[in-house]
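K.L.:
Just passing along the structure, written as structure tokens.
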Amino acid sequence: MGENQYRIELKKVLDAHKSNAEKRLDMIFKSLPENTKSIELMIFPDQDGEGTFSVRVSLSGPDLYVLNKAIEDTADIFNVKHTSQGLEPNVPMMDPFNSSFDINDVLVDVVGNWVKSIWDIISTENIKLPVTILADEGYGTKLPIKLK
């Protein structure tokens, strides 16, 4: 699969799960602990570069453990899992040794844009903290994205 087709297929899967991600982010933003100083929307591509990943909210401020424990149940915005029936959600998989593009960079760029599109939809006027989309290990060509 070429880069353009990969982008299209990945975006289809992401968009099918957009409503759930919107609800999770909205719940987190409505229940931020008082000591929160900033919010990071972190993209974690798999180390093998095959196309699995997760998106998780991380809070910064004093006593990180307590802050992030408060949002633990809703912090995973999107998480690809290996199950006995295959991947859930069923994201496109790639062979990192037989690809003409850097899979994790493209993945992070597509997911980063998707997260930004959710931010643009949900109610964020009450968020007065810095909010940034970041990727683990510095993947992506268009990150970080500062949302606030």
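K.L.:
Restricting the search to region 44-65, which residues are within 21 Å of Asn113 (Cβ to Cβ) and either open to solvent by less than 40 Å² (accessible area, probe 1.4 Å) or assigned to a strand (DSSP E or B) (or both)?
P.N.:
Phe44, Pro45, Asp46, Gly49, Gly51, Thr52, Phe53, Ser54, Val55, Arg56, Val57, Ser58
K.L.:
Check region 98-107 and report whether any residue there is surrounded by fewer than 19 Cβ atoms within 10 Å (Cβ to Cβ), touching a Lys or Arg at 6+ places or on another chain (Cβ under 6 Å) and under 28 Å from Glu3 (Cβ atoms).
P.N.:
No, the conditions are met nowhere in region 98-107.
K.L.:
Can you find a residue that is of a type outside the set (A, V, I, L, M), touching a Ser or Thr at 6+ places or on another chain (Cβ under 9 Å) and more than 15 Å from Arg56 (Cα to Cα) anywhere in region 103-116?
P.N.:
Just the residues of region 103-116 that are of a type outside the set (A, V, I, L, M), to begin with: 104-105, 109, 112-114, 116.
Remaining after also requiring touching a Ser or Thr at 6+ places or on another chain (Cβ under 9 Å): 105, 109.
Narrowing the set further to residues that are more than 15 Å from Arg56 (Cα to Cα) leaves 105, 109.
Scanning region 103-116 turns up at least one residue that is of a type outside the set (A, V, I, L, M), touching a Ser or Thr at 6+ places or on another chain (Cβ under 9 Å) and more than 15 Å from Arg56 (Cα to Cα).
K.L.:
Pairs needed: first member in region 107-131, touching a residue at least 40 places away in the same chain (Cβ under 8 Å) and aromatic (Phe, Trp, Tyr); second member anywhere, open to solvent by 10 Å² or more (accessible area, probe 1.4 Å) and part of a helix (DSSP H, G or I); C-beta distance under 8 Å; at least 6 residues apart or different chains.
P.N.:
Close Cβ pairs satisfying both conditions: Trp114/Lys11; Trp114/Asp15; Trp114/Lys18.
K.L.:
Among (1) of a type outside the set (D, E, K, R); (2) open to solvent by 70 Å² or more (accessible area, probe 1.4 Å); (3) over 18 Å from Leu14 (Cβ atoms), there is one condition Asn68 misses while meeting the rest; what is its number?
P.N.:
Just one mismatch for Asn68, condition (2).
K.L.:
From Leu41, Leu14, Leu10, Leu32, which residue is open to solvent by less than 30 Å² (accessible area, probe 1.4 Å), closer than 19 Å to Glu125 by Cβ and in contact (Cβ under 8 Å) with a residue 40 or more places away in the chain?
P.N.:
On the way: Leu14 fails: closer than 19 Å to Glu125 by Cβ; Leu10 fails: closer than 19 Å to Glu125 by Cβ; Leu32 fails: open to solvent by less than 30 Å² (accessible area, probe 1.4 Å).
Unique residue meeting the criteria: Leu41.
Here is a yes/no grid of residues against (1) modelled with pLDDT under 95; (2) farther than 18 Å from Thr132 by Cα; (3) of a type outside the set (S, T, N, Q):
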position: Met1; (1), (2), (3): yes, yes, yes
position: Arg7; (1), (2), (3): no, yes, yes
position: Lys11; (1), (2), (3): no, yes, yes
position: Lys18; (1), (2), (3): no, yes, yes
position: Phe29; (1), (2), (3): yes, no, yes
position: Pro45; (1), (2), (3): no, no, yes
position: Asp48; (1), (2), (3): yes, yes, yes
position: Phe97; (1), (2), (3): yes, yes, yes
position: Val108; (1), (2), (3): no, no, yes
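K.L.:
Residues that are assigned to a loop (DSSP other than H, G, I, E, B), of a type in the set (S, T, N, Q) and at negative phi: does region 102-113 have at least one? Step through it out loud before you land on a result.
P.N.:
Our first condition is that a residue be assigned to a loop (DSSP other than H, G, I, E, B); within region 102-113, this holds for 102.
Pick out the ones that are also of a type in the set (S, T, N, Q) and you get none.
So far as region 102-113 goes, no, none of its residues is assigned to a loop (DSSP other than H, G, I, E, B), of a type in the set (S, T, N, Q) and at negative phi.
K.L.:
If you check every pair at least six apart or on different chains, which have Cβ atoms under 9 Å apart with a residue in region 71-98 that is within 23 Å of Met27 (Cα to Cα) first and a residue that is open to solvent by 30 Å² or more (accessible area, probe 1.4 Å) and among the hydroxyl-bearing types (Ser, Thr, Tyr) second?
P.N.:
Ile71/Ser31; Ile71/Ser58; Thr74/Ser31; Ala75/Ser58
Condition check ((1) open to solvent by 40 Å² or more (accessible area, probe 1.4 Å); (2) in contact with a helix residue (DSSP H, G or I) (Cβ under 8 Å, 6 or more places away or on another chain); (3) more than 22 Å from Glu22 (Cα to Cα)) across all residues:
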residue: Glu72; (1), (2), (3): yes, no, no
residue: Asn79; (1), (2), (3): yes, no, no
residue: Val91; (1), (2), (3): no, yes, no
residue: Asp95; (1), (2), (3): yes, no, yes
residue: Glu125; (1), (2), (3): yes, no, no
residue: Ile133; (1), (2), (3): no, yes, no
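The values are calculated or read from the model by the stated rules, or taken from the named source; none is laboratory data. The structure displayed is predicted, hence computed values, not measured ones. Cβ atoms come from the backbone with ideal geometry, glycine included; neighbour counts cover every protein chain shown. With ligands, DNA and RNA removed, areas are computed over all heavy atoms of the protein, side chains included. Shrake-Rupley method; radii C 1.70, N 1.55, O 1.52, S 1.80 Å.
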